[in-house]
Amino acid sequence: MKYITVVFFLSMLYSVEAKIYTVASPDKRIVVTVNTDEQMVYSVTRDGKSLLDPSAILLQINNIQLGNKSKPIGSIVKEINEIVDQPFGKYSKIIDHCNELSIRFKENFTLQFRAYNNGVAYRFITGLGGKVTVNNEVAEFVFSGNYEVVYPFEENPKFLTPQETQYLTKKIQDIPEGHFFWPPVMIRTGEGIVLAVTESDLLDYAGMYLQRSAGNKLSAVFPRYPKTEKPGGWNDYNMLVEDREDFIASTTGLRNYPWRLIAIEEKEIGLIENDLVYLLASPSQIGDISWIKPGKVAWDWWCNWNLDNVTFQTGMNTQTFKYFIDFAADYKLEYIILDEGWSSKDDLTKPVSAVDIPALVNYGKQKNVQLILWCPWHTMDIQMNVVLEQFEKWGIAGLKIDFMDRDDQKMVNFYERIAKACAEKKLLIDFHGAYKPTGMRRTYPNVLNREGVMGAEYNKWSDRVTAEHNVTIPFTRMFAGPMDYTPGSMRNVKPGWFKPVFEKPMTMTNRSQQLAMFIVYYAPLQMLSDAPTAYEREPDITSFIASVPVVWDETRGIEGRCGEYLVITRRKGDIWFAAGMNGLQKKSVLLDLSFLGPGNFSATIFKDGINSAFNPTDTEKLVLSVSSQDQIKIDMLEGGGFAIRFDPVK
C-alpha cells in the first residue's frame, strides 16, 4: 500500500511588524502562542485553559543571543499529515499529524513549533556558515500552577550519571531549588491533564537536564563540553570529566537543533501510547534494514552464570554458554549475551582462554541462536575499526555497549559514531550505562534498546527496585522509548524477606508481575534475566514468556496511575496480549475485551495464585474461551499482576 504525505499551507505571512504568532493542534484544542518581542517566550493552552505560562527560549551562538530582540521577517504555518512506518516499535505505523509554525528571523535562524493533538514541541534551526560555538541555551517550562512532578532525583549534579535511580513526587514549589534531574518528567496539573517533558532528535549536542528555579518554573541545564578526562569508575571503564569548557557544543552552523517536547494527555495511561519522541526524530540513515532482527535474549550476568544440577563447572566458559544456547534454541530465543568478562579488559579482539568465540558462533548457527558481546565503551572507541572487523569475521550479531554514563556533546557523538559504524557491519546495539532515549532508534534502527533505567540489576546490591518503582517507570522513563529493564526473575519474595545477594539475586514482586513485564516493558531486544535452569523448572511460564513478541502492531493504555498500577494491551498480527502490574495496594480491575474485535478467542491467563500473598512465586494459570463481548475480573495483590495471551479460534 502506498502512503502519501499531505502537506499544504494554512497561511503565509511575511511581515517585519509581527510580534505574536499562534499555531493550533489539528483538533484546535491545543494552542501555542509565541511572542517575539524583546525576550522570546511561548505559552500553551488546552481548551482555553493555560498549561504553560510565558516561558523563555534562547540559543546563544558565538556570543550572540538568538531569541533576545531578534527580528522576525516571516512565518509559515503548514499542516503535516502522513503515516510513518515504525518497523521495531510499539506500533507498526504511526500517524504524524500536526500543524507546524516556522518563524524566520533576520539573524539567519528559524524557530519552529509543532502542535499535535497530544503535545507540542519546538526547536531552533540555524543557517549560519562554518563551525559555531553554542555558548548557552535557555529553555524554560513555566507551568500555570503549582503542579505535581514525578521526577528522577540525581544525587550527583556533575553530569556523570547512568540515569538510573528512583523517582520522587513533589509539588513544583516543594522541589528544592537546584534539584537536578533528567527527563522525561511527568507533571499532573490537578485538572485531569497530564504532561511529560523531554527532548527528541539529540544529535551532535548535549543532553538536557532540568532543575527547579523560581515559582512554578523548571529550567533546562546542559553539560558543558569536556575539557579534560581520566579513566575511573567501576574497573576504570568510565572516562570521568575533570574539567569542562565554557560552552555546550561546537557544531556546524547549518543544522537543526534538538526538539524540546511537552506531551499533553487527558489521562496518565495515555503516555503509554504517546510516540512523539519517535515522530520528532530524524528519519532513518540506514537504507536496508532487513537484516535487523529484534528478539529475546538469554542473559548470563544477572544469574552470575549459575546453573543448577549440571555436570560441568559453570562460569565464564564455552560449556556454560553452550548450555545457554541450548536453552535459547529450545524456547526459540534469538540471542544469548556474553557479558562482562568474556574478553581482555583492554582488547576486545582477545577472548579469555576459557571462551571459544568461533566455536560458540558455529554452535549457535546450528541451533539458530546468535551471539551478542558486551563491550566497555572506551575500549570500543579506541579499537572501533579493528574490533568491528573482528566481530564481523566471527559472525557476531550485536553489541552491548556499557559505562558511558554521560551525555555531553562528546559522548552523544560517540553514540552516533558507533551506531553508524555498527550499521555498516550489520551489528545490533544495546546501550547500557546510557542516557534516556531521544529517538535515535528511528535515525539508526539498529539501536534496538538501551538502559537508562534502574532495572533488575539493582536487586543484586540494593533494595531500591520496589513494586512502586516498577509501576512508575512505564509512565516516565518508558515514555522516551525502549527500556532494557531486564525482567524475568524466578526468585520472588515478599519485601520483608528480600535481601540483596549478588550471586543469587531475587526480586520483591510476585512471579505474575515478572511475567507482565514482558508485555508492559517495551524492549525490542528483551532480556530473560534469570538462569536457564530456573526457567526450565517452569516450562509453562517460560513458554509463555517466549511467546510474547518484542515489537508490536498496536498498543493501548487501558487504565492506570503512575506509581500505583497500570493495565495495557498490545497486538501483534491477530494475537492480542494484555497485562497488569500493581504497586503497593491491592487492586481489582475489570478488563473489557471489546478491543479483541470479532470472533472467539482462547485466553491463556497467568495471575497471582491463591497463595501468592505468602508465596510470591505462586501463579495460577487459566485457559478461557472469550469474545469481545466479555469482561474478565482480575484481582492483583501487592506487587502482583497478570499476563494474558488471546489467540483467535480459527
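Read-outs throughout are calculated quantities, based only on the coordinates presented, and are distinct from any laboratory measurement. What you are looking at is a predicted structure, and each value in this text was computed from that prediction instead of being measured. Cβ atoms come from the backbone with ideal geometry, glycine included; neighbour counts cover every protein chain shown.
Each label was represented as a point 7 Å from its Cα along the Cα-to-Cβ direction; for Leu240 and Ile289 these points are 3.9 nm apart.
Note on the stretch 416-555: the alpha carbon radius of gyration divided by the globular reference 2.2 N^0.38 Å gives 1.09. Charge dipole of the chain (Cα centre as origin; +1 on each Lys and Arg Cβ, -1 on each Asp and Glu Cβ, all else neutral): 780 debye, rounded to the nearest 20. Here each label is just a point 7 Å from Cα along the line to Cβ, and for Glu392 and Leu622 those points are 5.4 nm apart. Rg ratio for the chain: its Cα radius of gyration over 2.2 N^0.38 Å, N being its residue count, equals 0.96.
Each part gets one Cα centre, and for the stretch 384-440 versus the stretch 546-618 those centres are 34 Å apart. For the stretch 171-307, the Kirkwood estimate of the hydrodynamic radius, built from every pair of different alpha carbons, is 19.0 Å. Is the shape of the stretch 562-650 rounded, prolate or oblate, going by the alpha carbon gyration tensor and its root eigenvalues a ≥ b ≥ c, with a/c under 1.5 for rounded and a/b larger than b/c for prolate? In terms of gyration-tensor shape, prolate. Loop-located trypsin sites (Lys or Arg not before Pro) across the stretch 50-150 with a Cβ neighbour count of 15 or fewer within 10 Å are Lys69, Lys106, with loop assigned by DSSP. In a DSSP loop and with at most 13 other Cβ atoms within 10 Å, the GluC sites (Glu not before Pro) in the stretch 218-305 are Glu266. Put the Cα centre of the stretch 198-231 next to the Cα centre of the stretch 502-525 and the gap is 31 Å.
Here Ile187, Ile64, Ile357 are placed in order of increasing Cβ neighbour count within 10 Å, fewest first, which gives Ile64, Ile357, Ile187. The value obtained for the stretch 6-280, namely the Cα convex hull volume divided by the number of residues, is 146 Å³ per residue. Considering all C-alpha pairs of the stretch 352-470, those separated by over 21 Å amount to 44%. The mean sequence separation of alpha-carbon pairs under 8 Å and at least six residues apart, normalised by the residue count of the chain, gives a relative contact order of 11 percent.
Note on the stretch 274-376: Rg/Rh from C-alpha atoms, Kirkwood Rh, equals 1.07. Residue-normalised convex hull volume from the C-alpha trace of the stretch 262-330: 206 Å³ per residue.
When exposed loop sites are taken as chymotrypsin sites (Phe, Trp or Tyr not before Pro) in a DSSP loop with at most 13 other Cβ atoms within 10 Å, the longest stretch of the chain clear of them is 15-290. Kindly identify the stretch 108-205 as rounded, prolate or oblate by the Cα gyration tensor criterion: order the square roots of the eigenvalues as a ≥ b ≥ c, call it rounded if a/c is under 1.5, otherwise compare a/b with b/c, prolate if a/b is larger, else oblate. Oblate, since a/c reaches 1.5 and b/c is not below a/b. Would you mind checking the stretch 251-268 for residues with the amide N under 19 Å from a putative spin-label position 7 Å along Cα→C-beta of Asp592? Label zone hits: 266-268. Exposure proxy ranking for Glu164, Glu554, based on other Cβ atoms within 10 angstrom of each Cβ and starting from the fewest, stands as Glu554, Glu164.
Each label was represented as a point 7 Å from its Cα along the Cα-to-Cβ direction; for Lys28 and Ile64 these points are 4.1 nm apart. Ranking Met517, Met483, Ile262 by Cα position along the charge dipole of the chain, where only Lys, Arg, Asp and Glu carry charges on their C-beta atoms, puts Ile262 farthest toward the positive end. Separation of the stretch 131-184 from the stretch 243-316 is 20 Å, based on Cα centroids.
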